[in-house]
Every structure is written in structure tokens, then in C-alpha cells.
Amino acid sequence: MKVIVAEPRGFCTGVKRAVQLAEQSLQRGKSVYSLGPLIHNPQVVERLQKQGLKVTDSLAKVPDGAAVLIRSHGESPGIFREAQRRSLEVIDGTCVLVRRAQNIVKQLHDQGYQVLIVGDPNHPEVRGVMAYAPGAICLNDKSDLPKIAGHRRLGIIAQTTSSLTAFGWMVGLVVSSGCAEVKVVDTICQATHARQQAALEVTKQVQVMFVLGGRQSANTARLAELCAAQGVSTYHLESWLQFRREYIRGKTVAGVTAGASTPDWAIEEFVRNLRQE
Ligand code: SF4
């Protein structure tokens, strides 16, 4: 099988930093808890858990004296305040681009704009960012538009992993909704955009596309959606274990890309095995 690998693909700087922070703090022998899986990749999370990282769903479950690791998705101001109140050590892995989005919505809110975030309301990054602008509204699709009725000054940003096309489409709908003023700030991460463009280039040259990454990874799911929309058979897999021969039956050229939370070793293993098919 001829295999074309998208470039760039896999780990972004934000995820790389969060994983490094976790490894460094565990090496210090500290008891470290991450609030939710550190990244949306079960293989990486499992490796870190073997090194001692504990995963919890609530700050209340972190014992006194332990360290709490904030994921690249960031957290609400309330979590930082509570950690400080309990004198817990905070290892802040918030990606600088997520921090930028948090700062922007806070500024927009302080300036009197009704903040809108285009993205998935259930994603931890979006939930965290919304907490910096009380009353913020999340726009996931067209059916959310009635929520902005009556607001005259709107400040709109995107979940960092949104596609530029989806963000632009939603901004167009908001602008034509009849409000007096709309301020748009592009908060889409270029790492995400660059991975999407590289994947689209690869889809033009292949008969089947494999997108590697965790099931819960928003940016991986988006990559898979974009590739499939080009009309190429696309499979979103977490690892080589999920590969089935029937995916490549009758095909000779395959493409591979990976979401921002997929480590190089998982991509290399997949590509090596696929080339031998
Ligand atoms: S995808 Fe972009 S915003 Fe998200 S963690 Fe990576 S670098 Fe940061």
C-alpha cells in the first residue's frame, strides 16, 4: 500500500506542553491529579496513568497537598479560585491560544458586548471560556440563533478547533440577524487550520483516508468530517488495533493524518503497518 502522510499532523504545541508538564511534575514525585483526561487520547492518558497521573472529575476529590493539573482546554476562574483557597499547587497547562480566547471574551464582556461562542457547548474548552464572560451564549448550529434575539451589541469568537468555513457561515447568519453592532474576533488555532488544509491536500491524491485520534477529540472528528466531505472513504480510528483489511480492499493509495492529541509514536506505528499491507 502506498501511504501519503499529511504534514503537519498530530501533536500541537498546546498538547505537547500539557503532556510535558504532566511528565515533569510526576518525575518530581508529586501526587498529581488532572481534572478530566489530560488530552482526548486514551493511549496517552493510559501511559501517563501508568506513570502515576490520577484523573478525577472534580476538584473536591483532589486531596489536600496534591497538585492539580489544568488541561490545555483550560478551566473556569472558579476552579482556579477554589484551588487557591485550598492551597493546592496548580500546574497550569492551559494552551496560550485558549488563554487568549478566555481573555478576549472577558474583555468583550467588560466592554458591554453580549458574548457569542461558535462551538460545541459540551466541549470543556467552550465551557471554560464561557465562564470568563457570564451570560455568554454558545452557537452550535442554526437552531441556536433565536438565543441572540434582543441583543444589540454582539461579540463573537470561535472554539479554537472550529473550521474557518463553519465559523464564517455562523458569523454571516449573526450579522444578517439585524443587530446593531457585531465585533468578530478570530480565535481559531492555526495548528488546527494547518492540519485541516494538509489533510484536504492529501485527500486529492488518495483512495482512502485514515484520521487517527481519540473518539472524544473534537479536532480529530472535524478532520474526519472534512476529509469525508471530499468524497473519499474516511475512517476515524484510535489506533492500528481498529484497522480492518476491508477498509483498503481494492485500493492502492491511502492517506493518513492525525488530530492534535495524537502522539507521533501512534502515527508512526499505524503508517508502518499500513505500508506493509
Ligand atoms: S489545538 Fe491549538 S488551541 Fe488547541 S491545544 Fe493545540 S495549539 Fe492550543
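The values are calculated or read from the model by the stated rules, or taken from the named source; none is laboratory data. Just so you know, these numbers come straight off a predicted model, no measurement behind them. Reconstructed Cβ throughout: ideal geometry from the backbone, glycine too, with neighbour counts over all protein chains shown.
Are there any pairs, at least 6 apart or on different chains, whose C-beta atoms fall under 7 Å, with the first in region 74-100 and without any contact (Cβ under 8 Å) to a residue 60 or more places away in the chain and the second of a type in the set (D, E) and surrounded by fewer than 12 Cβ atoms within 10 Å (Cβ to Cβ), and if so, which?
R86/D64
If you go through region 16-73, how many residues are free of Cβ contacts under 8 Å to residues at least 24 places away in the same chain, among the basic types (K, R) and under 27 Å from A131 (Cα atoms)? Break it down into steps so the answer makes sense when it comes.
Pass one, region 16-73, residues free of Cβ contacts under 8 Å to residues at least 24 places away in the same chain: 16, 20, 24, 27-29, 45-47, 49-50, 54-58, 60.
Narrowing the set further to residues that are among the basic types (K, R) leaves 16, 28, 47, 50, 54.
Within this subset, residues satisfying the condition of being under 27 Å from A131 (Cα atoms) are 16, 54.
Of the residues in region 16-73, 2 are free of Cβ contacts under 8 Å to residues at least 24 places away in the same chain, among the basic types (K, R) and under 27 Å from A131 (Cα atoms).
Assess whether T203 counts as being in contact with a Cys (Cβ under 7 Å, 6 or more places away or on another chain), under 30 Å from W265 (Cβ atoms) and polar (S, T, N, Q). Spell out the reasoning first.
Numbers: in contact with a Cys (Cβ under 7 Å, 6 or more places away or on another chain): yes; under 30 Å from W265 (Cβ atoms): yes; polar (S, T, N, Q): yes.
Yes.
Please work out which one of (1) touching a Phe, Trp or Tyr at 6+ places or on another chain (Cβ under 9 Å); (2) under 30 Å from S177 (Cα atoms); (3) surrounded by fewer than 20 Cβ atoms within 10 Å (Cβ to Cβ) is the condition A133 fails and give its number.
(3)
Let me spell it out: the conditions are (1) touching a strand residue (DSSP E or B) at 6+ places or on another chain (Cβ under 7 Å); (2) within 16 Å of the ligand (Cβ to nearest atom), and S217 meets all of them except one. Which number is the exception?
Every listed condition holds for S217 apart from (1).
Taking the condition in contact (Cβ under 8 Å) with a residue 40 or more places away in the chain, in the same structural domain as I157 (by TED's automatic domain parsing) and not small (G, A, S), does V253 pass?
no
Would you mind listing the helices (runs of 4 or more DSSP H) fully within region 1-95 where at least 1 residues are polar (S, T, N, Q) and either within 16 Å of the ligand (Cβ to nearest atom) or within 30 Å of Q207 (Cα to Cα) (or both)?
Fully inside region 1-95 and qualifying: 13-27, 42-50.
Looking only at region 189-214, filter to residues that are within 16 Å of the ligand (Cβ to nearest atom) and polar (S, T, N, Q); which one of those is surrounded by the fewest Cβ atoms within 10 Å (Cβ to Cβ)?
Q190
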